[in-house]
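Chemist: My structure is below; once you've seen it, I'll send some questions.
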Amino acid sequence: MGHSAPPGLNAPVLSLAGVGPRIGERLQNLGIHTVQDLLFHLPRRYMDRTRLHAIGALIVDQEVLVEGEIELTQVQFGKRRSLLCRISDGTGALTLRFFHFSKAQQNMLERGKHLQCWGQIRRVGKKREMIHPEYQHINEPYLGQVEQTLTPVYPATEGLSQGKFRKLTDQAMDALRDDSSELVELVPESLLIDAKLPSLCEALIYVHRPPVDAEVDALMLGTHPSQQRLSFEELLAQHLSLRSLREQIHEYAAPPLHGESEIAEAFMQQLPFELTNAQTRVIKDIRVDMHKDVSMLRLIQGDVGSGKTVVATIAALQAISSGYQVAYMAPTELLAEQHFLNISAWLEPLEIPVKLLTGKLSKAEHTSVLEDIAIPKAQLVVGTHALFQESVEFARLGLVIIDEQHRFGVHQRLALLEKAGAIQPHQLVMTATPIPRTLAMTLFADLDISVIDELPPGRQTIKTIAISNKKRDEVIDRIAIACRQGRQVYWVCTLIEESDSLQCQAATDTCEQLGTLLSDLNVGLIHGRMKSVDKARVMSEFKAGTIKLLVATTVIEVGVDVANASLMVIENSERLGLSQLHQLRGRVGRGTQQSDCVLMYQSPLSDFAQARLEIMRQTNDGFKIAQKDMELRGPGDLLGTRQTGLPALRIADLARDAGLLPQVQKTANILINDYPKHVQSLIKRWVADRLMFAQV
Ligand code: ADP
Ligand code: MG
């Protein structure tokens, strides 16, 4: 290869050695267009290949570098054919296992040769194995040839290996060291000094290529100042992008929706309950927002069962009685159907037509609903994300309600914007995920927040017990007794990490088994793979009390509301996240009778799992559960993208880096006031390709 000057930071990636059209396209798909973009494609984690480990002292789950002499290589036949290669370094033996291998590879792994291997240690029976390790032949044993520095692991995609990324970032690092003037520092220096953080250039070099004397532990944890510097900038960019989104929405007019208070009054009159103070307060927030000629952008946070649906329905009435349409979006088909049933029953007496739009309608039904939406005959449309497909055209959309926001991403809300055109509808977003205040203020910065911090009166607390699955028979007896007393029961089958179809199968099998054991009971089954009509039938039979015991997958996790159901059994509860357990458990305790939840677990239970189930036993308060869960395992999971609909982050971790948030907010205000150009550049650098709202 020739030694011309390296391409500059703003040169296209195509100018780098080893990047042709094919690789170039893959990089583009990752949002990497220029050499500089590569610098912001940050290592997810590091591998420590700086030390050799003795095979005799390996710890399960650890990722390690080992060397050894091949003692035996053979193909094992069985359930799955695999190539086994045993190596030993004198302190112990380790098996390398390959499921995919070639004859040539097998021949190369000859007895007596030496290998250096990198991989994760697994325990198989009493032995330890590495499955598909990275390995290389070495000429002489135990030379101790190891890496001098930690090896970065990049978030890669298919067709781009780690090796490739390392080569590309090597070139990007050269370009940076050569001339860093094109790397613009967007955070004012004085603020960095305040926060004791290094410069961007320093931080990038350290994070991509940790030096020989790097602080390994801090780097592995993501708490090194260089990483914190980048996390800080990323959180700042995310926060700014949301504020900018809000501003963009507010550049458009929204219809002021004054509504007719008589209709809301009439609706509240017919409800079989009084609103709680918290509900009334939140309704007032919403009413004030909707009177304005800029979009309401409001998040309602309220624990499971706090009564968000009725609040949303009252908001809907305000829009409808102002002559506008409402779209009510739920994350699952089952929930959309349940909302449709409840809300249409509520609104029918007021002669308000409600329609359902999901992906499962027949072609004719679908066409007819679309027509109703366009005429407009449908005033309230409940649905899944099918509501926002291109073919759907609302004649006068005034309000969008998004239920269980944690199941959607920011993206879905952005898609809405495009739907609406010149007049932006009001937005009401609801969630049961309790998010600490600073976090919410930073990462839901585009939304105003109202909290329903009170449950309807008369709710019985749910008594929760944990029982080993060895006592499954006792649990089944308990169900029989409960049903004889006229109670209704959920039995939730869960399988983590297994496919959806396996989960459905498990529920089907359990239903059959329970049906046989409890032959005098009407046992129903519900899972995600059933036809809509069948699901609807089962749910209505359960509501009507014909079905006493409902065996379900986690499809019932959100929204399902059957007040007479007062016992829930959750299988394999130790494998679910606490917030998911809380959501599930929230399906009972909705009426006035004492409710119970039985958490079945696979014994033996680890101390950690035991501590988690103990939390579930101790409290019914979603906020406390979330707090405890965070204390136990860090908020990563609780506040991960999956559960909150927060944006996917490159380096920041909301749990670990929560301490940065106050500074992030402060810095954001300064930038908006004093450095408006930097705001857009930061968003472009960190967020642009992930949230495509630039062209609203
Ligand atoms: P979530 O906030 O979890 O969405 P829901 O809206 O499903 O809760 O409400 C749970 C149940 O409580 C529903 O059956 C609903 O009709 C009922 N409910 C709502 N508000 C009240 C209230 N103020 N008093 C009594 N029951 C209420
Ligand atoms: Mg709900």
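The values are calculated or read from the model by the stated rules, or taken from the named source; none is laboratory data. Note that this is a predicted model, so its numbers are computed, not measured. Here the Cβ is made from the backbone with ideal geometry for all residues, glycine too, and neighbour counts use every protein chain on show. SASA here: full protein model, heavy atoms, side chains in, ligands and nucleic acids out. Shrake-Rupley method; radii C 1.70, N 1.55, O 1.52, S 1.80 Å.
Chemist: Take the eigenvalues of the Cα gyration tensor for the stretch 151-305, scale each by 5, and report the square roots as semi-axes in whole Å, largest first.
Modeler: For the stretch 151-305, the ellipsoid semi-axes come out as 51, 19, 17 Å.
Chemist: Now a separate question. Note down the Stokes-Einstein diffusion coefficient of the stretch 222-335 in µm²/s, whole number, using a Kirkwood radius over alpha carbon pairs, 20 °C, and 1.002 mPa s.
Modeler: Roughly 127 µm²/s, to the nearest whole number.
Chemist: What is the angle, in °, between the Cα long axis of helix 500-517 and the longest principal axis of the Cα atoms in the chain? Nearest 10 is fine, range 0 to 90.
Modeler: Helix 500-517 sits roughly 50 degrees off the main axis of the chain.
Chemist: Would you calculate a helix-derived [θ] at 222 nm for the chain, using -39,500 (n - 2.57) for each DSSP H run of n ≥ 4 and dividing by the full residue count, to the nearest 500?
Modeler: -12000 deg cm²/dmol
Chemist: Scan the stretch 89-125 for chymotrypsin sites (Phe, Trp or Tyr not before Pro) in coil per DSSP, keeping those whose Cβ has at most 11 other Cβ atoms within 10 Å, and list them by number.
Modeler: Of the chymotrypsin sites (Phe, Trp or Tyr not before Pro), the ones in loops of the stretch 89-125 whose Cβ has at most 11 other Cβ atoms within 10 Å are Phe99.
Chemist: Still on this structure, please answer the following. Check each of the GluC sites (Glu not before Pro) in the stretch 108-192 and keep only those in coil by DSSP with at most 12 other C-beta atoms within 10 angstrom; list them in order.
Modeler: The qualifying sites are Glu110, Glu158.
Chemist: Another question about this same structure. Residue separation times 0.36 nm, minus the C-alpha to C-alpha distance between Ala11 and Glu614: what's the value?
Modeler: 211.4 nm
Chemist: Would you mind computing Rg(Cα) / (2.2 N^0.38 Å) for the stretch 51-146, counting N as its residues?
Modeler: Normalised by 2.2 N^0.38 Å, the Cα Rg of the stretch 51-146 equals 1.00.
Chemist: Now for a different question. Output the peptides 57-64, 36-43, 536-543, 256-263 sorted from most to least packed, where packing is the average of other Cβ atoms within 10 Å over each peptide's residues.
Modeler: Going by the mean number of other Cβ atoms within 10 Å, highest first, we get 36-43, 536-543, 256-263, 57-64.
Chemist: Sort the following peptides by mean Cβ neighbour count (other Cβ atoms within 10 Å, averaged over residues), highest first: 306-318, 605-617.
Modeler: Ranked by mean Cβ neighbours within 10 Å, highest first: 306-318, 605-617.
Chemist: Hey, another quick one. Tilt of helix 410-420 relative to the longest C-alpha principal axis of the chain, in degrees (0 to 90, nearest 10)?
Modeler: Relative to the chain, helix 410-420 is tipped by roughly 50 degrees.
Chemist: Sticking with this one: Taking the Cα centre of each part, how many Å lie between the stretch 90-152 and the stretch 346-366?
Modeler: 61 Å
Chemist: With a Förster radius of 45 Å, plug the Cβ-Cβ distance of Ala345 and Glu134 into 1/(1 + (r/R0)^6) and report the FRET value to the nearest 0.05.
Modeler: FRET efficiency, Ala345 to Glu134: 0.15.
Chemist: Related question: Go through Lys548/Lys628; Lys548/Lys624; Lys463/Lys548; Lys463/Lys543; Lys355/Lys531; Lys463/Lys628 and tell me which ones have a Cα-Cα distance over 26 Å in this structure.
Modeler: Lys548/Lys628; Lys548/Lys624
Chemist: Using Stokes-Einstein with the Kirkwood hydrodynamic radius over Cα pairs, what translational diffusion coefficient do you get for the chain at 25 °C and a viscosity of 0.890 mPa s, in µm²/s rounded to a whole number?
Modeler: The diffusion coefficient I find is 85 µm²/s.
Chemist: Follow-up. Quick one: 3J(HN,Hα) in Hz for the stretch 298-314, Karplus 6.51/-1.76/1.60 with θ = phi - 60°, rounded, Gly and Pro as x.
Modeler: Per residue, the Karplus-derived 3J(HN,Hα) values read 10, 9, 9, 9, x, 4, 3, x, 7, x, 7, 4, 5, 4, 5, 5, 5 Hz.
Chemist: Then there's this: How much accessible surface area, in Å² rounded to 10, belongs to the heavy atoms of Arg81 with a 1.4 Å probe?
Modeler: Ignoring ligands and nucleic acids, Arg81 comes out at about 120 Å².
Chemist: Something else now. Could you tell me the number of lysine pairs in the stretch 73-152 with C-alpha atoms less than 25 Å from each other, where the two lysines are 8 or more residues apart or belong to different chains?
Modeler: Within the stretch 73-152, the lysine pair count is 5.
Chemist: Could you grab the relative contact order for the chain? Cα pairs under 8 Å, six or more apart, rounded to a whole percent.
Modeler: Answer for the chain is 13 percent.
Chemist: I've got another one for you. For the stretch 274-405, go through all pairs of different Cα atoms, get the mean of 1/r, take its inverse, and jot down that Kirkwood value in Å.
Modeler: When all Cα pairs of the stretch 274-405 are included, the Kirkwood radius is 15.1 Å.
Chemist: Name the long-range amide H neighbours of Thr34: under 5 Å, sequence gap of 5 or more, or other chain; modelled H, no Pro or chain starts.
Modeler: Val13
Chemist: How much length, in nm to one decimal, is gained on full extension between Lys363 and Ala422, taken as 0.36 nm per residue of separation minus their Cα-Cα distance?
Modeler: 18.2 nm
Chemist: Taking a probe of 1.4 Å, how large is the accessible area per residue of the stretch 261-452, in Å²?
Modeler: For the stretch 261-452, the solvent-accessible area averages 37 Å² per residue.
Chemist: In degrees from 0 to 90, rounded to the nearest 10, what is the angle of the helix 162-178 Cα long axis to the longest principal axis of the chain?
Modeler: Helix 162-178 sits roughly 80 degrees off the main axis of the chain.
Chemist: Ok, one more. Under a plain spin-label model, where a point goes 7 Å from the Cα along Cα-to-Cβ, how far apart in nm are Phe99 and Gln148?
Modeler: Inter-label distance under the simple model: 3.9 nm.
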